[in-house]
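Structure first, commentary second.
The values are calculated or read from the model by the stated rules, or taken from the named source; none is laboratory data. In this text, all values refer to a predicted model and were calculated from it rather than measured experimentally. Every residue, glycine as well, gets a Cβ built from its backbone with ideal geometry; the counts of neighbours run over all protein chains shown.
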Amino acid sequence: VPTELFLELGGFDELFSPGYFEDTDLCFRLSERGLRTVYQPRSRVVHLLHGSGSSESARRRMERHRGLFVERWGERLARRPRVVEAAQEPSQMLAARDAEALDRFLVIDDRVPYTDRGSGDPRMARLLGELAALWPSARITLLAESGKDAERYAEPLLQQGVEIVCPPIDWQDWFEERRFHYGVVIVSRQQNAERFGGYLELSQPQALRIFDTEALTFQRLERRGELLPPGKERSDVRAEAARTRESELRAIQESDVVFVVSEDEARFVAEIAPGKPTFVLPGIVEAEPDPPGFDARRDLLFFGGFLAGSASPNLDALTYLVREVLPLFWERHPDVGLNVVGADMDDAVRALEGPRVRIVGYVEEPAEWLARARLLVNPMRFGAGLKQKFLDSLAAGLPFVTTTVGAEGFPLGEFRGSLVADDPAGLAELLDRLYTDGDEWERVQTHLLELAMTGFDRASFQRTLLEAMTHVGVAPPARTAVAG
């Protein structure tokens, strides 16, 4: 509490001297000013037990001060459930806890977002953070289907007031205890719509449903199937793509609102579900204010994670790059190296290391690699959605070379011809031109930085999120301010 405000309110009320209920009374008086009380589980208090009297006198004082507190705040307390009675039933206790949280959001995703990976996780972390920032009095619950590495990544979200629920847990019991509790449910990815759809229908039938595609998974599978040779694996992938397409379309059609990451995906939703309210929420990046220029950089960078193992679009792209694209480039630039940075590498990735290919692996701070390379190159042949690697690249002022699949969702305009090609010779030609033409390189850098500041900025994301949530009946608090 700021000292000035504490003194303005008269500090702790002498009515509760020497203690008990004086702090709770202060919190209630602060709330009358429109301020919040935030529970900080990491705070530590040193308490000298019974330092001002005996345990019996403390008990009597607690009872007396409780009566004074109820007398002062009786009208407000009457609007809340009685905790003593609510304690007999978990769902009632939950309602008592969230009695003043008029907006309650349940967000469902694969895991507590890995903020140092791709696969839509940084975007989900920002979505949760912006919900907490725009609706500070709301109850926001993240349900993570997997609890893997939850403790490692949960802390920033917990500090923003996001409740996190993940295994080990009995989902049926959990949803039963939270019957009719949430006003809005955001389900990310089609597999979670399948996994939890039944629970939501039974326990949250009143909630408005938002489906966050994150990326149209069936497209990634269809594209991968096209690259595989005839055989069982190709048949299996195509069958999975068909099932996923059906599941994804059902999730879109059954939702009240759809979130997508690009205008391309928005057009797809409009085709298969005409009139469905759809909002484009790409990732958020902060553009580097003064990134290194052409002369301060050297070598190529491949940046991307390999979480999907043998089915990883990045593994395919790296293999294609090293075996088919770079040999053509190295004919002209034999001294230029490739650094490969990314998490979850396996033996198939390491096998691609060579005299001019350095497998770096996972790094905690990729920014230094993005600032050092002259070009990022990732010729993705399959995938879907907006790729975090290219968002990070444009925010760092690092020109990238990729394919039509890799460039999806990026309004590159007149610079598309400088950055996008779909065959080895074309990709090698773009790499050669941008690696040697400093003027063109700097024009591209300027454009990418402008794109980061105007198309993938926090203020734009917040405005779209406010519009989308208003569409499902959630108005922003009067004091909410949009970034920027």
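Run down Gly74, Gly67, Gly11 and say which single residue is part of a loop (DSSP other than H, G, I, E, B) and small (Gly, Ala, Ser).
On the way: Gly74 fails: part of a loop (DSSP other than H, G, I, E, B); Gly67 fails: part of a loop (DSSP other than H, G, I, E, B).
Going through Gly74, Gly67, Gly11 in turn, the sole match is Gly11.
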Take Arg374 and decide whether it is over 28 Å from Val237 (Cβ atoms), touching a helix residue (DSSP H, G or I) at 6+ places or on another chain (Cβ under 7 Å) and basic (Lys, Arg). yes
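Within segment 293-337, track down each residue that is within 15 Å of Pro399 (Cα to Cα) and in contact with a Leu (Cβ under 9 Å, 6 or more places away or on another chain). Walk me through how you get there before you give the answer.
Restricting attention to segment 293-337, the residues satisfying the condition of being within 15 Å of Pro399 (Cα to Cα) are 293-303.
Passing the criteria: Arg297, Asp299, Leu300, Leu301, Phe302, Phe303.
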Condition met for Gly305 (of a type outside the set (Asp, Glu), surrounded by 15 or more Cβ atoms within 10 Å (Cβ to Cβ) and touching a helix residue (DSSP H, G or I) at 6+ places or on another chain (Cβ under 6 Å)): no
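Yes/no matrix, rows are residues, columns are (1) on the phi < 0 side of the Ramachandran plot; (2) more than 23 Å from the chain's Cα centre (by Cα); (3) touching a residue at least 12 places away in the same chain (Cβ under 8 Å):
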residue	(1), (2), (3)
Arg220	yes, no, yes
Pro229	yes, yes, no
Glu240	yes, yes, yes
Thr244	yes, no, yes
Ser247	yes, no, yes
Val261	yes, no, yes
Val280	yes, no, yes
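What tally of residues in segment 14-43 results from selecting those that are over 25 Å from Arg80 (Cβ atoms), in a loop (DSSP other than H, G, I, E, B) and at pLDDT 85 or above? It would help to see each step written out before you state the result.
So the first thing to find is which residues in segment 14-43 are over 25 Å from Arg80 (Cβ atoms), and the list is 14, 17-18, 42.
Now narrow it down to the ones that are in a loop (DSSP other than H, G, I, E, B): 17-18, 42.
Now narrow it down to the ones that are at pLDDT 85 or above: 17-18.
Looking only at that region, the number is 2.
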Considering Ala270, Ala241, Ala251, Ala207, which residue is more than 26 Å from Leu142 (Cβ to Cβ) and touching a helix residue (DSSP H, G or I) at 6+ places or on another chain (Cβ under 8 Å)? Ala241
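Would you please name the residue that is nearest to the chain's Cα centre (by Cα), looking only at residues in segment 454-474 that are within 23 Å of Pro399 (Cβ to Cβ) and surrounded by fewer than 18 Cβ atoms within 10 Å (Cβ to Cβ)?
Among those residues, the one meeting the criterion is Gly455.
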Among (1) under 30 Å from Thr470 (Cβ atoms); (2) surrounded by 19 or more Cβ atoms within 10 Å (Cβ to Cβ); (3) touching a residue at least 24 places away in the same chain (Cβ under 8 Å), which single condition is Met345 missing? (1)
Tell me yes or no: at least one residue of segment 226-242 is touching an Asp or Glu at 6+ places or on another chain (Cβ under 7 Å) and of a type in the set (S, T, N, Q). no
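Condition test on Ser119, is it within 23 Å of Pro282 (Cα to Cα) and hydroxyl-bearing (Ser, Thr, Tyr)?
Values: within 23 Å of Pro282 (Cα to Cα): yes; hydroxyl-bearing (Ser, Thr, Tyr): yes.
The answer is yes for Ser119.
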In this structure, does Leu328 turn out to be touching a Pro at 6+ places or on another chain (Cβ under 8 Å), surrounded by fewer than 23 Cβ atoms within 10 Å (Cβ to Cβ) and either of a type in the set (A, V, I, L, M) or at positive phi (or both)? yes
Only one of Gly74, Gly51 is of a type in the set (Gly, Ala, Ser), within 43 Å of the chain's Cα centre (by Cα) and either modelled with pLDDT of 85 or more or surrounded by fewer than 11 Cβ atoms within 10 Å (Cβ to Cβ) (or both); which? Gly74
With respect to the numbered conditions (1) under 30 Å from Arg76 (Cβ atoms); (2) part of a helix (DSSP H, G or I); (3) at pLDDT 90 or above; (4) over 23 Å from the mean Cα position of the chain (by Cα), which one is the sole condition not fulfilled by Ala95? (3)
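Return yes when Leu134 is modelled with pLDDT of 95 or more and either of a type outside the set (Gly, Ala, Ser) or not assigned by TED's automatic domain parsing to the domain that holds Ile164 (or both) and no when it is not.
It is false that Leu134 is modelled with pLDDT of 95 or more and either of a type outside the set (Gly, Ala, Ser) or not assigned by TED's automatic domain parsing to the domain that holds Ile164 (or both).
Sort out which residues of segment 14-68 are farther than 30 Å from Val162 by Cα and aromatic (Phe, Trp, Tyr), and write them in order of number. First the steps, then the outcome.
The first filter runs over segment 14-68 and keeps only residues farther than 30 Å from Val162 by Cα, leaving 14-19, 48-68.
Listed by number, the list holds a single entry, Phe16.
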Would you confirm whether or not segment 110-123 contains a residue that is in a loop (DSSP other than H, G, I, E, B), among the hydrophobic types (A, V, I, L, M, F, W, C) and within 12 Å of the chain's Cα centre (by Cα)? yes
Pairs, first assigned to a loop (DSSP other than H, G, I, E, B) in segment 462-477, second at pLDDT 95 or above and among the β-branched types (Val, Ile, Thr), C-beta under 8 Å, six or more apart: Val472/Val184; Val472/Ile210; Val472/Val257; Val474/Val184
Strands (runs of 3 or more DSSP E) contained entirely in segment 252-357, each with at least 1 residues that are outside the structural domain of Glu429 (by TED's automatic domain parsing): 257-260, 278-280
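Being of a type in the set (Ser, Thr, Tyr), outside any helix (DSSP H, G or I) and touching a residue at least 24 places away in the same chain (Cβ under 8 Å) is the filter here; which residues of segment 376-425 pass it?
First, pick out the residues of segment 376-425 that are of a type in the set (Ser, Thr, Tyr): 393, 402-404, 418.
After this cut, where a residue has to be outside any helix (DSSP H, G or I) as well, the list is 402-404.
Answer for segment 376-425, where residues must be of a type in the set (Ser, Thr, Tyr), outside any helix (DSSP H, G or I) and touching a residue at least 24 places away in the same chain (Cβ under 8 Å): Thr402, Thr403.
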Based on this model, can you work out whether Ser119 counts as closer than 17 Å to Val187 by Cβ, at pLDDT below 80 and not assigned by TED's automatic domain parsing to the domain that holds Lys389? yes
